[in-house]
Amino acid sequence: MASKFAGRRNLDFLLYEVHDIEGLFSLSYFEDHSRQTCDLAIDTAMKLARNLLYPYFKEMDEREPVFEEGQVKVHPIVKTMMKQWGEGGWLSSSLPFEVGGQQLPVAVHMACSHLFGAANFPATGYSGLTTGAAHLILSHGTDEMKDMYIPKMLAGLWQGTMAMTEPQAGSSLSDLASRATPTGRGYYKIRGQKIFISAGDHDGVENVVHMMLAKIDGGPPGVKGISLFLVPKKRPEADGTLEPNDVTATTVYHKLGYRGCPITQLSFGDGDSCRGYLVGEPHRGLSYMFQMMNEARLGVGMQAASIASAAYYASLEYAAQRLQGRKLSSKDPSLPQVPIIEHPDIRRMLFFQRAITEGSLSLLLQCALYADLARAGDVRDRERYELLLDLLTPVAKSYPSENGILSVSQGLQILGGYGYCREFPLEQYYRDIRIHAIHEGTTGIQGMDLLGRKVMMKSGRALEFFAGEVQKAIGEAEAFEELKPYCTRLQEALEKCRAATMHRLTFAMKGQMEIFLADATLYLELFGILAVAWQWLLQAVAASKGLRDDCSDRNKNFYKGKLHTMKYYFHYEVVKIQGLAARLLESDALMVEMDNSLFDD
Amino acid sequence: MNVAVLLKQTPDTESVIRIASDGKSVVTDDLKWVVNPYDEFAVEAALRLKEKHGGSVTVISCGPQRVVESIRTALAMGADTGVLIDDPALEGSDSLGVAMALAAAVKEINPDVVLCGSRAVDYDMAQRGPMVAELLGWPHLAMAVSMESDGKTVTIDRPIEGGKVVLESSLPAVVTFGGSHAVWNPRYASLPGIMKAKKKPLAVKKLADLGVDGSQAGTARVTMTSLEMPVARAAGKVIDGGLDTAGKATELVRALHEEAKVI
């Protein structure tokens, strides 16, 4: 295992120098916080990551969950982790004080979850879902639900889940078949099958609380008939005992990676005695669930960036130690071999990883900051922040997920044959990260969300706000001579994105929806590169300011490294926008106007 | 039972340490500072005493303002109050000077027991505990890996070569802590603890406030004359030079005899 999995200096740079989260502390909602409390929280998260999570990263993978006698059994440390997270207040860190939370800025909460995820991503499946489910109950549940479930969940004693997917309804939620029958006794009778439910059942907790989507008998068809139910594995009775609620785990999946956390198949109401409690109003379940889903999407992006971070540091450490070959300019075989970090191609792979990881992290913290400002910022600006967050959520989910796969792959490549062996951590990072482009909405779904909904919503205002943010960054960067060429490049990238957007929208206006969205994933890819380029320019501005002001040798190296990575990103990655834009500006319908017989061979 | 913990802030053990141009100090500009790990064991032991006997835990430290962060860390773990002795006179001081200041602060609080790490991970002086005990005239139990107290006496275990020794003393006493992270398993600060720590009392004092003569405590009797990094290991030597096996063996024997001088 490598000695480092996340960069603390980098986190401070992003939080305080790039995104200036100290500005939040002057808002009344965050007035109890200061840099000192946030630093203490992050320091403690780092300790937990280092001492409690990282040592079990490999072991939890090797001892994957088993399904025995109707019960999912996980590594015993899961219980300790959940307890520590619960007792330490980590599961409720960004929830309001009045519900027992610590009202931490989402940006700081995300920074902490970055450290947890970089140390042991599979372990964060348990905590992330519990927090998300508890937040959903807090937002839309009844007081009774809040009293009965939230304290146990936030204490890490009860697991929360998000139970949406069914065998015939994965990305297509309108085809859900789970049913809820009113009983007139304060609950519904639930029947249905759910698949791919993360942490859906395990022995690291006393109980599991499913936030489940189902259709009430006689409700409208499609997504308009979906309601949200709270369905516990065991029902808490008035005397505090727990009664079985006819929820059965039927299997655990055997996965490529993410093995430390069980993904389960669940059956509800086999014995006709499963009780579900309606959350919010009937038929509005999907809109409620989107709250949890949007939080989870940012969480997924963060976990992908975190795995990429751990893989980057592991391969960096290896590259600095592994002796192999000589400089091309001095091939004398009597000379000692050089560390492979001396070779330009290895450096390229390292910068690729660093650019993806730190660019993604910056974008995710930017989104977190928008979430904080949408909640607590100037009332007149809140809608703008909400729209920016809505627009960027599919980007911040999918860019780290897709590019993280490539990034970890390059890390593995640096280790050569060793990278492919289980004695080194890269192969696990490679397996673990693959899930992120799939769960919480595949990349394809994110592409359609971005182009089909987010770009169009409110007459395209979100996109205009975004362009305004990019323009603002360019304006700031122009104050520094060294950054001027990159201002030009970012401006060009923004124009390409605008042109591609307009061109794709012409198909929508003509009602050619299939063609409009056929290449939505490519549009998302282009948008992702643009958004991360924007973040790199912001980082370059902060680094230039750091260099301009007096700083120590070590800080100088850090800032110069940031500028070099920014340049890497523009010279190696931003150029890809040209190819993507070229495709998006074409007008054919290659993927639409064709017959599947073309696949015959 | 009232407990005082002496806490030192040290560079994070994962920090890259660089020696300053004067050759006898380290560059502190961008170091990450933490609670000395052995003192963290003492904080944990103090909180266990408080859980058992009630009372309060006071954390006492010397140093500049940045040390506040480490005191707050201990407060976030569950300690009750903090005292920082921040006096420019101590800047050129030595272990004895620091011990004088700490002992004076302890006297003001008058605790039942004083706990601290047996050493600090920066300079490994291992003097603070014994010196404070001497200045207070209290017994000193060194290098504890476990500790019990009934409120009147204190008992510790210390591992020794091939076994362990159990020591007991009446209170008040000074106990210094050895062992490891795995032995003490110090608790993590909780987020509610962090929020509470902000509001816990933390007094900043000068030497004069404690009745300590700055010229005496600030005069170093022991001075650090130089700091050196471990000698870098030289690269290994590969014997090849187109020789056959016998030739390589001959060359190896020659090198071991004439260059390494080990045979």
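The values are calculated or read from the model by the stated rules, or taken from the named source; none is laboratory data. This one's a predicted model, so the numbers in the text were calculated from it and none came from an experiment. Using ideal geometry, Cβ is built from the backbone for each residue, glycine included, and neighbour counts are taken over all protein chains shown. Just the protein is used for accessible areas: all its heavy atoms, side chains included, with ligands, DNA and RNA removed. Shrake-Rupley method; radii C 1.70, N 1.55, O 1.52, S 1.80 Å.
Take residue A:543 and decide whether it is open to solvent by 50 Å² or more (accessible area, probe 1.4 Å), small (Gly, Ala, Ser) and either farther than 13 Å from residue A:486 by Cα or under 30 Å from the mean Cα position of the chain (by Cα) (or both). It would help to see each step written out before you state the result.
Working: open to solvent by 50 Å² or more (accessible area, probe 1.4 Å): no; small (Gly, Ala, Ser): yes; either farther than 13 Å from residue A:486 by Cα or under 30 Å from the mean Cα position of the chain (by Cα) (or both): yes.
No; evaluated as a whole, the condition is false for this residue.
Can you go through B:133, B:104 and tell me which one is farther than 20 Å from residue B:40 by Cα, touching a strand residue (DSSP E or B) at 6+ places or on another chain (Cβ under 9 Å) and part of a helix (DSSP H, G or I)?
On the way: B:133 fails: farther than 20 Å from residue B:40 by Cα.
Just one listed residue meets the conditions, B:104.
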Original post:
Does residue A:386 count as open to solvent by 10 Å² or more (accessible area, probe 1.4 Å), modelled with pLDDT of 95 or more and under 21 Å from residue A:299 (Cβ atoms)?
Top reply: yes
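Quick one: would you say residue B:203 is assigned to a strand (DSSP E or B) and either modelled with pLDDT under 95 or over 19 Å from the mean Cα position of the chain (by Cα) (or both)? Break it down stepwise before answering.
Values: assigned to a strand (DSSP E or B): yes; either modelled with pLDDT under 95 or over 19 Å from the mean Cα position of the chain (by Cα) (or both): yes.
Against the criterion (assigned to a strand (DSSP E or B) and either modelled with pLDDT under 95 or over 19 Å from the mean Cα position of the chain (by Cα) (or both)), residue B:203 qualifies.
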Original post:
Among the residues of region A:53-76, is there at least one that is without any contact (Cβ under 8 Å) to a residue 60 or more places away in the chain and within 12 Å of chain B (Cβ to nearest Cβ)?
Top reply: yes
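Before we move on, is residue A:522 modelled with pLDDT of 95 or more, under 25 Å from the mean Cα position of the chain (by Cα) and surrounded by 13 or more Cβ atoms within 10 Å (Cβ to Cβ)?
Details: modelled with pLDDT of 95 or more: yes; under 25 Å from the mean Cα position of the chain (by Cα): yes; surrounded by 13 or more Cβ atoms within 10 Å (Cβ to Cβ): yes.
So residue A:522 passes the test.
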Subject >> Residues being among the small types (Gly, Ala, Ser), within 14 Å of chain B (Cβ to nearest Cβ) and closer than 13 Å to residue A:415 by Cβ - total across region A:296-348 >> reply: 1
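Conditions tested, residue by residue: (1) farther than 27 Å from residue A:359 by Cα; (2) assigned to a helix (DSSP H, G or I); (3) open to solvent by less than 60 Å² (accessible area, probe 1.4 Å); (4) not assigned by TED's automatic domain parsing to the domain that holds residue A:80.
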position: A:14; (1), (2), (3), (4): no, yes, yes, no
position: A:24; (1), (2), (3), (4): no, yes, yes, no
position: A:33; (1), (2), (3), (4): no, no, yes, no
position: A:37; (1), (2), (3), (4): no, yes, yes, no
position: A:41; (1), (2), (3), (4): no, yes, yes, no
position: A:44; (1), (2), (3), (4): no, yes, yes, no
position: A:48; (1), (2), (3), (4): no, yes, yes, no
position: A:54; (1), (2), (3), (4): no, yes, yes, no
position: A:61; (1), (2), (3), (4): yes, yes, yes, no
Original post:
Within the set of pairs 6+ apart or on separate chains, which have a first residue in region A:349-367 that is assigned by TED's automatic domain parsing to the domain that holds residue A:16, a second that is at pLDDT below 95 and not in a helix (DSSP H, G or I), and C-beta atoms under 8 Å apart?
Top reply: none
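Any idea how many residues of region A:437-482 are closer than 30 Å to residue A:61 by Cβ and in contact with a Lys or Arg (Cβ under 8 Å, 6 or more places away or on another chain)?
Taking region A:437-482 as the starting set, the residues that turn out to be closer than 30 Å to residue A:61 by Cβ are A:437-446.
This time we only want the ones that are in contact with a Lys or Arg (Cβ under 8 Å, 6 or more places away or on another chain), so: A:440-441, A:446.
Number of matching residues: 3.
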**OP:** Quick one: residue B:56 ticks every box in (1) farther than 28 Å from residue A:88 by Cα; (2) surrounded by fewer than 17 Cβ atoms within 10 Å (Cβ to Cβ) except a single one, so which number is it?
**Re:** (1)
**OP:** Could you check how many residues of region B:14-41 are more than 11 Å from chain A (Cβ to nearest Cβ) and at pLDDT below 95?
**Re:** 9
**OP:** Examine region A:155-171 for a residue that is assigned by TED's automatic domain parsing to the domain that holds residue A:225, of a type in the set (Ser, Thr, Tyr) and loosely packed, with under 15 Cβ neighbours inside 10 Å, and state whether such a residue exists.
**Re:** yes
**OP:** Any chance you could count how many residues in region B:184-224 are touching a residue at least 60 places away in the same chain (Cβ under 8 Å) and either crowded, with 17+ Cβ neighbours inside 10 Å or within 14 Å of chain A (Cβ to nearest Cβ) (or both)?
**Re:** 21
**OP:** Would you check which residues across region A:434-445 are open to solvent by less than 20 Å² (accessible area, probe 1.4 Å) and more than 22 Å from residue A:161 (Cβ to Cβ) and list them?
**Re:** A:443
Original post:
If a residue has to be open to solvent by 40 Å² or more (accessible area, probe 1.4 Å) and either hydrophobic (A, V, I, L, M, F, W, C) or more than 18 Å from residue A:568 (Cα to Cα) (or both) to count, how many in region A:476-494 make the cut?
Top reply: 3
Original post:
Does any residue of region A:114-122 turn out to be out of contact with any Cys (no Cβ under 8 Å at 6 or more places or on another chain), surrounded by 17 or more Cβ atoms within 10 Å (Cβ to Cβ) and part of a loop (DSSP other than H, G, I, E, B)?
Top reply: no
**OP:** Considering each of A:104, A:136 in turn, give the residue that is open to solvent by less than 10 Å² (accessible area, probe 1.4 Å), farther than 25 Å from residue A:59 by Cα, touching a Phe, Trp or Tyr at 6+ places or on another chain (Cβ under 9 Å) and within 14 Å of another protein chain (Cβ to nearest Cβ).
**Re:** A:104
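Need a quick list: helices (runs of 4 or more DSSP H) entirely within region A:421-507 having at least 1 residues that are assigned by TED's automatic domain parsing to the domain that holds residue A:574 and closer than 18 Å to residue A:389 by Cα. Break it down stepwise before answering.
Values: elements: A:426-433, A:443-448, A:457-477.
The qualifying helices (runs of 4 or more DSSP H) are A:457-477.
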